[in-house]
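Just below is one structure, and these are the notes that go with it.
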Amino acid sequence: MASLKEKIGYALGDAAAGGITWKIMSIAFPFFFTNVFGLSLGDTAALMLIARMFDVVTDPLMGSIADRTQSRWGTYRPWLILGAVPFGLIFALLFFTPEFGPLGKRVYAYTLYLLMMVLYTAVNVPYGSLLGVMTEDDNEKNEFSSYRMVGAYAMGFITLLSFPYIQKAIGGTPQHQYAVIGAGFGILAAVLTLACGLMVKERLRPKRAEKFSFKQFADLFKNKPWVMLTTIGICTNFFNGFRYAVASYLMEYCLNGDVTVSGFIINYTVLMAFGEVTCMIFGGVSPWFTRKMGSKRKGFTIASAMCLLFSIFFYFIPMDPSYIGLIVALVIITSIGVGLYSPLLWSMYADVADYATEKFGASSTGLIFSSGTMAQKLGGAVSGALISLLLGIAGATMLTDEMGNESIDPASVDEGVKTMIWALFSLFPALFALLMGWLAWIFPLKK
């Protein structure tokens, strides 16, 4: 029986990865690269797409390597313990804007971003795989997964809510603000990752396939539950990826900048922070909700249906700051569905890993969970890249200053561009909610 301390320790791992690094990268990077760092829309889109193709190789490879790791700390824990400091350091450097020319900035951004993806993979794939070796009790797996989501969303709420106030307190140029924020959150991410690695325990020994073989990768595609769950995972991350990556543009161009209500600043990070705290609460409710629904499959389907319906409803809200209360309310209600299904996804990955061990005779826990991390990065970054591409197609153009830095030309943001932004926050995510709900309903493992 795992202790409360260990469950909190496990939550700290995703507080660092999901609540700090990935949350900031998802919501702030498209805007940061185009409006602060000085990359064009095309460069930003290309950067994120190239990184995702890179991850298609590195994530499963990392899963296979992690499965074969043997150390005094166990199989998966050493990757968190030894990777914590580099993980936080590279994240901090990503938010630094060097005084280079356009070519030098592109090289810097591409190099650091790809390196960050490698380190994120090296830490987060083993972290997710821990769920398969900390306990064999299915209810306890759900609890660990719930703690994980509460940790991620609680830290995400703190991160996003505090973002504009930290910027204001730091002062100076946007480049200076983001550099200081990156350093501070990088240190915190490193500390939380290290704490997680030291606080959790590996109780189960994986049935290892000691020799590397491409058969393990081939077996994945013979594993129908894995194929379906990986597709579901990609859909969930496209759903969140579109909403988080376009939120900055929605506030800036559709609502004419930050909205202040009774002295309270609502910018794009604060808007999504309302969703984070909702996800935190309902991530904790998810195990109870699943028991009431009778199965993970049914619970996931109902949560997806909520996301579908309220995303469609959002599209019909007028683009007017006076509707900020309704906008916030829709973000909160939609996030109830996200909070309910998020813990289920990782618990279902553990079920798929158990199924794979029974069917193919050797543990591939790291490899199975690597697909969850790959889906996360694929959905988040490709959605960010598509946003840059689609805004360009809709008519958004770039301005270049005397230093060669580029940013979106406000004069090019006409009604067509605004409608595209609004649809990217609502109708595009709704499409993926529909697909993931249907796949969850026909998912073959009936736990």
> Can you work out the FRET efficiency for the pair Leu82 and Lys298, with r the C-beta to C-beta distance and R0 = 35 Å, to the nearest 0.05?
Replying inline: 0.30
> So how exposed is Glu136, as accessible area in Å² (1.4 Å probe, rounded to 10)?
Replying inline: 150
> If the chain between Leu399 and Tyr315 were fully stretched, how many nm would it gain, using 0.36 nm times the residue separation less the Cα-Cα distance?
Replying inline: 27.3 nm
> Using a 1.4 angstrom probe and counting only protein chains, how large is the accessible area of Lys292 in Å², to 10?
Replying inline: 130
> Within the accessible area of the chain, what % is carbon and sulfur when the probe is 1.4 Å and the other protein chains stay in place?
Replying inline: 68
> Between Phe264 and Arg72, what is the label-to-label distance in nm when each label sits 7 Å out along the Cα-to-Cβ direction?
Replying inline: 5.1
> If the chain between Arg205 and Thr419 were fully stretched, how many nm would it gain, using 0.36 nm times the residue separation less the Cα-Cα distance?
Replying inline: 71.8 nm
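Can you work out the accessible area per residue across the chain, with the rest of the protein chains kept in place, probe 1.4 Å, in square angstrom?
37
Hey, can you rank 280-289, 12-21 by average C-beta count inside 10 Å, highest first?
Peptide ranking by packing, descending: 12-21, 280-289.
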>> Please list 3J(HN,Hα) in residue order for region 176-193, calculated via the Karplus relation 6.51 cos²θ - 1.76 cosθ + 1.60 where θ = phi - 60°; whole Hz, with x for glycine and proline.
In response: 5, 4, 5, 5, 5, 4, x, 5, x, 6, x, 5, 5, 4, 5, 5, 5, 5
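Let me have the relative contact order for region 78-187, percent, based on Cα pairs under 8 Å that are six or more residues apart.
RCO, region 78-187: 52 percent.
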>> Relative contact order for the chain: what percent, with Cα pairs under 8 Å and sequence separation of 6 or more?
In response: 29
> List the aspartates and glutamates whose alpha-carbon lies under 20 Å from that of Lys222, not counting same-chain residues fewer than 8 positions away?
Replying inline: Asp59, Asp67, Asp351, Asp354, Glu358
> Over region 75-148, with a single point scatterer placed on each C-alpha, what log10 of the ratio I(q)/I(0) does the Debye formula yield at q = 0.16, 0.17, 0.18 1/Å?
Replying inline: -0.68, -0.72, -0.76
> Does region 1-154 classify as rounded, prolate or oblate by the C-alpha gyration tensor (a ≥ b ≥ c root eigenvalues; a/c under 1.5 gives rounded; else a/b over b/c gives prolate, otherwise oblate)?
Replying inline: prolate
> Across every pair of different alpha-carbon atoms, what Kirkwood hydrodynamic radius in Å does the chain reach?
Replying inline: 21.9
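Would you calculate, for the chain, the mean residue ellipticity at 222 nm contributed by helices, counting each DSSP H stretch of 4 or more residues as -39,500 (n - 2.57) and dividing by all residues, to the nearest 500?
Value at 222 nm, helices only: -25500 deg cm²/dmol.
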>> If I model a spin label as a point 7 Å beyond the Cα along the Cα-Cβ vector, how far apart are those points for Phe100 and Ser3 in nm?
In response: 4.7
> So who's got an amide H within less than 5 Å of the one on Met398, skipping anything under 5 residues away but keeping other chains? H placed 1.01 Å off N, in plane.
Replying inline: Asp409
> Taking a 27 Å limit on the Cα-Cα distance, which of the listed pairs Lys5/Lys141; Lys23/Lys447; Lys224/Lys296; Lys224/Lys447; Lys23/Lys224; Lys7/Lys168 fall beyond it?
Replying inline: Lys23/Lys447; Lys23/Lys224; Lys7/Lys168
> To the nearest 10 Å², what's Val180's accessible area with a 1.4 Å probe?
Replying inline: 60
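The values are calculated or read from the model by the stated rules, or taken from the named source; none is laboratory data. A quick note: this is a predicted structure, and the numbers were derived from the prediction, not measured. All Cβ positions, even for glycine, are placed from backbone atoms using ideal geometry, and neighbour counts span all protein chains on display. Ligands, DNA and RNA are stripped out before the accessible areas are found, and what is left, the full protein with its side chains, is counted by its heavy atoms. Shrake-Rupley method; radii C 1.70, N 1.55, O 1.52, S 1.80 Å.
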